[in-house]
Amino acid sequence: MKRLLIIGAFTLILGGAAQVSDARTMYDVTNPGLRAAKLADSEPFVTIGVHKIGKIAMTVSNQGHFGKGYVPGLTDPIDGGPAPSCAFPYPSQQSYLFSGGFWIGAIIGRDTLVSTGLDGWRGTMELWPDPEPRGRIIHRSLLSGDKEAISEQDYIAMYTDTVTRLQYVTGDPIDGRPHIPLNIEVTQRSYAWSYAYAEDFVLFDYSIKNIGRQQLNKVYMGFYVDGDVTFGEGAEGYDDDICGFKDTIASPYGCGFIDTINIAYIADNDGKQTRSVPCPFTANSLTAVTGMRVVRTPSDSLKYSFNWWISNGAPALDFGPRKIGTPDDPFRDFGGYLGTPEGDRNKYYIMRHEEFDYDQLFSAMDHTSEGWLPRSEQAADFANGFDTRYVLSFGPFDISPGEVLPISFAYVAGDYFHTDCDAFRLLFDAYNPYPFYNQLGFEDFGLNSMWASWIYDNPGVDTDDDGYKGKFRVCAFDSVMVLDTIQEDPIIVDTSYVYTLADTLYYEGDGVPDFRGAAPPPVPEMWIIDTLGDTIRSRIHSRIDEFNQGELRVQWNGYRSEMTKDFFSNEIDFEGYRIYMSLSPRASDFVLVSSYDKEDFNKYIWNDWRRIWQLRDPPFTLDSLEALYGENFNPLNHDRDFPFHWQDSLFYFGRQDWNQSDYRDTLKIHKIYPDDPPPTLTNIDSARIYYPEELTEDGFFRYYEYEYIIRHLLPSQQYYIAVTAFDYGSPNSGLASLENPPARNYIAEYAQNSNTDVERKGLNVIVYPNPYRIDANYADVGFEARDYIDSTFGGSLIPQEGLIPDRTRAIHFTNLPPVCTIRIFTIDGDLVRTIEHNFPPDSPRSMHERWDLVTRNTQAIVSGIYYYSVESEFGSQIGKIVIIL
């Protein structure tokens, strides 16, 4: 049962605020009363940001809540596109979050106060942004070259709990009093990446500042999450979720290590929208899991609590695990409910109670011996899935006036939580849930959780240069005993062991946040930029060959891609380039056309102690292998079936990628200047002075100039061409090869002659298909119906019979001047249609136009012979068109 309460129309204002006050006076920490009064004269500027660069897409706000369960219907303010509450894998419709919010409580004098971004039941929101401009969310991105950006998609928001007007904030339902602020200011930063190792989580970093005059004592903070796992936001199926807490997983590095992940989670109970959905799983199934992991708190010595409950208007169904209580910590009655903690004092109790609930799947088991209340009569129903939510909280600490405390957490998704569609039906038993629980897949979820913590604080990296790189473990494969006589009379011998064969693995950082991860090489340069920073033109050249087929000549410069060091390894790890093509800018539509990579080989070494093959080193070039193992050494002669023995070691080799390294073959990716040596100086400014012959006319190093020609294209079709760079990964950290997403570096072009070529060569206008035949199935070959939607008639590709003509048909005109007028006449000279063609010279559509075979009177054309004329400043051209319907 959901209780959805919209707090007035102003909570959904995503645009102009009313009167804007001076932000500096509003943030006078010596006078919070003045600050609240200033807000009373202005409207908070409420807006959102949408993380959707990775596989997890999530909406964040400047009100201390994430997800959009209580603010539905919003769109992305940046691109106007969708704003998923929490979709995974994006852009699917699988939704894993209704809403979540930040809670903070403290003792001030004799008052117990809690402020929430979202209380989760009554819809109370007590954290609000300022008016513009201070209330705006700031967006930054590494992709745009922003030096202040942390990730590929940063959102920075700021809000406080000082708003008390009833139009915005409801009162405490238990104490019957209005909202009393703690006087805290929160700066919220959230980060997302598209890289394979980081695409499944969003990192949040909070700074909580006491902007009041009084010290906040015994502060506890928590993060509330209501999952609602459904296909489609707000759809049925939210009432069969399961909730729990996972503390450890087996380390992916083996050696018997256990990794701590400490993550709270919510998932669907069986991976299906409802129990009636048949097996097997499909692409729409809810087989993933999402959850929250805290990666930084203000202190290492805090108390943690994990509490889940079911909110319901019926007392018997409003349930959460509760301890019986002790004289020192008596049981607290929530007003006849065991689950939903309404009011400030109940919320504070939940956060400070230091209680870790058993997982929901185990609700029907007897936990009284561990101090829990007896199981409910509905316990079996709770165990098999319900409308569940949780709070993950920690504390206590004190915050003095002006003091700022940091909090960081990750919202993480994981695949393959459910792998057997029939497992719930066959294995689940509320009174013995272990067979079902033990087959749930936490591996991907746990690994993503580990990566989130590693990006927050990079293991093995001494960020503050104090000599400490973090915590590590040693996986020992062999050791020897060392005896050291430290006293002769009486004889005392110190015995110790020295590792003779071991691996050292860092699993935690140095405690100083990094918020950085490995990245692919910079994207290749496909644009020519002038000295003022304005784009002049793309480096894709188009033409129509002698057979009237389109051709795109794709050129780029790879200096930055090939010469930039990786942050993690501090090495240049460039491996190669790939060309992708698409008929739309959607990421999922790009297909691989060609690839180029270095000729290098991975060396897999047999670890006899762990009984596994290990990849430890960067790829080896053929020259380096010949230097190690002799002239004419061929690594491909030593694959896994025929390994190579060398000095008591056993290893085999495999290609790093495809080893397509022939840069002279003009049918593949090739160098434009294959005979040029590497540049004498790698500083391009110095090269301009001392070695200008090593640069192109546009100022690029000739050595890094590449080209690929895409042939046999349709002149009428716009193509999206992407060039990406990829590296060879990081063998030591188990990181796979990283590549720029194709949808982040593309150019849209038609495979046609440019206006410049048309004018220079005096080319005539071409009309095709001519003759036009209704039975020729032109849509199948791409001449029509691919990219045309006529908004005049509701945007439908399918005409409504008897109402409108079929506007997906097309006759194309190419080799046009950028500005011209096309007229079509009947054989008797009657004007059928006029088309005004007007585009900037050499822009993608400047040489092409289409006629949809509809007259100026919005009637479908009939069979016959027609004349056309093209008039421009360069003159006129007249021709015939034959149409057979």
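Matching residues to (1) at pLDDT 95 or above; (2) within 22 Å of the chain's Cα centre (by Cα):
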residue	(1), (2)
V202	yes, yes
N210	yes, no
M221	yes, no
D228	no, yes
G232	no, yes
C255	no, no
D259	no, no
I263	yes, yes
V277	no, no
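Do we have T531 as of a type in the set (S, T, Y), modelled with pLDDT under 70 and assigned to a loop (DSSP other than H, G, I, E, B) here?
The answer is yes for T531.
Looking only at region 620-641, decide whether some residue is exposed (fewer than 12 other Cβ atoms within 10 Å of the Cβ), of a type in the set (G, A, S) and within 28 Å of I709 (Cα to Cα).
No, the conditions are met nowhere in region 620-641.
Before we move on, is G176 over 29 Å from A518 (Cα atoms), modelled with pLDDT of 95 or more and small (G, A, S)?
No.
Working only within region 195-217, note down all residues that are open to solvent by less than 20 Å² (accessible area, probe 1.4 Å) and either in a loop (DSSP other than H, G, I, E, B) or hydrophobic (A, V, I, L, M, F, W, C) (or both).
Y197, A198, D200, F201, V202, L203, F204, I208, I211, G212, L216
Hey, S496 hits all of (1) closer than 22 Å to I258 by Cβ; (2) assigned to a strand (DSSP E or B); (3) modelled with pLDDT of 60 or more but one; which does it fall short on?
(1)
Could you please let me know if Y224 is open to solvent by 10 Å² or more (accessible area, probe 1.4 Å), farther than 28 Å from P133 by Cα and hydroxyl-bearing (S, T, Y)?
Against the criterion (open to solvent by 10 Å² or more (accessible area, probe 1.4 Å), farther than 28 Å from P133 by Cα and hydroxyl-bearing (S, T, Y)), Y224 does not qualify.
Just to confirm my filter: which strands (runs of 3 or more DSSP E) fall fully inside region 75-170 and include at least 3 residues that are closer than 29 Å to R352 by Cα and open to solvent by less than 30 Å² (accessible area, probe 1.4 Å)?
99-108, 111-116, 153-160
Considering only residues that are out of contact with any strand residue (DSSP E or B) (no Cβ under 9 Å at 6 or more places or on another chain) and either free of Cβ contacts under 8 Å to residues at least 12 places away in the same chain or basic (K, R) (or both), look in region 434-470 and name the one that is nearest to T290 (Cα to Cα).
By that ranking, first place goes to N438.
Identify, by number, the condition in (1) surrounded by fewer than 21 Cβ atoms within 10 Å (Cβ to Cβ); (2) under 30 Å from F515 (Cβ atoms) that S376 doesn't meet.
Failing condition for S376: (2).
Only one of (1) in a strand (DSSP E or B); (2) crowded, with 16+ Cβ neighbours inside 10 Å is not met by G271, so which one is it?
The number of the failed condition is (1).
Tell me, please, whether a residue that is polar (S, T, N, Q), at pLDDT 80 or above, touching a strand residue (DSSP E or B) at 6+ places or on another chain (Cβ under 7 Å) and open to solvent by less than 30 Å² (accessible area, probe 1.4 Å) can be found in region 726-742.
Taking every residue of region 726-742 in turn, at least one turns out to be polar (S, T, N, Q), at pLDDT 80 or above, touching a strand residue (DSSP E or B) at 6+ places or on another chain (Cβ under 7 Å) and open to solvent by less than 30 Å² (accessible area, probe 1.4 Å).
Filter region 288-310 for residues that are among the polar types (S, T, N, Q), touching a strand residue (DSSP E or B) at 6+ places or on another chain (Cβ under 8 Å) and either farther than 13 Å from G244 by Cα or in a loop (DSSP other than H, G, I, E, B) (or both) and give the result.
T297, S299
Take the residues in region 831-862 that are surrounded by 13 or more Cβ atoms within 10 Å (Cβ to Cβ) and among the hydroxyl-bearing types (S, T, Y), then tell me which one is farthest from C820 (Cα to Cα).
Taking the candidates together, the pick is T855.
For region 177-194, which positions are open to solvent by 10 Å² or more (accessible area, probe 1.4 Å), in contact (Cβ under 8 Å) with a residue 40 or more places away in the chain and over 29 Å from L447 (Cβ atoms)?
H179, I180, P181, N183, E185
Residues in region 216-248 that are in contact with a Leu (Cβ under 8 Å, 6 or more places away or on another chain) and free of Cβ contacts under 8 Å to residues at least 60 places away in the same chain: how many?
Of the residues in region 216-248, 1 are in contact with a Leu (Cβ under 8 Å, 6 or more places away or on another chain) and free of Cβ contacts under 8 Å to residues at least 60 places away in the same chain.
Taking region 864-885 only, how many residues are in a loop (DSSP other than H, G, I, E, B) and surrounded by 11 or more Cβ atoms within 10 Å (Cβ to Cβ)?
2
Going by the conditions given, is G313 open to solvent by less than 10 Å² (accessible area, probe 1.4 Å) and under 30 Å from R122 (Cβ atoms)?
no
So which residues in region 739-768 are among the small types (G, A, S) and closer than 17 Å to I878 by Cβ, if there are any at all?
G762 - this is the single residue of region 739-768 that is among the small types (G, A, S) and closer than 17 Å to I878 by Cβ.
So which residues in region 331-388 are within 15 Å of A314 (Cα to Cα) and in contact with a Lys or Arg (Cβ under 8 Å, 6 or more places away or on another chain)?
L338, P341, E342, D387
Matching residues to (1) in contact with an Asp or Glu (Cβ under 9 Å, 6 or more places away or on another chain); (2) open to solvent by 60 Å² or more (accessible area, probe 1.4 Å); (3) within 27 Å of F642 (Cβ to Cβ); (4) modelled with pLDDT under 95:
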| site | (1), (2), (3), (4) |
| --- | --- |
| L552 | yes, no, no, yes |
| I572 | yes, yes, no, yes |
| K598 | yes, yes, yes, yes |
| W609 | yes, yes, yes, yes |
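Do you know which residues across region 642-672 are surrounded by 15 or more Cβ atoms within 10 Å (Cβ to Cβ) and in contact with a helix residue (DSSP H, G or I) (Cβ under 9 Å, 6 or more places away or on another chain)?
Across region 642-672, the qualifying residues are F644, Y652, F653, G654, R655, K671, I672.
The values are calculated or read from the model by the stated rules, or taken from the named source; none is laboratory data. Bear in mind the structure is a predicted one, so any value in this text is a computation, not a measurement. All Cβ positions, glycine included, derive from the backbone under ideal geometry; neighbour counts span all protein chains shown. When the accessible area is computed, the model is the full protein with side chains, heavy atoms only, and any ligands, DNA or RNA have been set aside. Shrake-Rupley method; radii C 1.70, N 1.55, O 1.52, S 1.80 Å.
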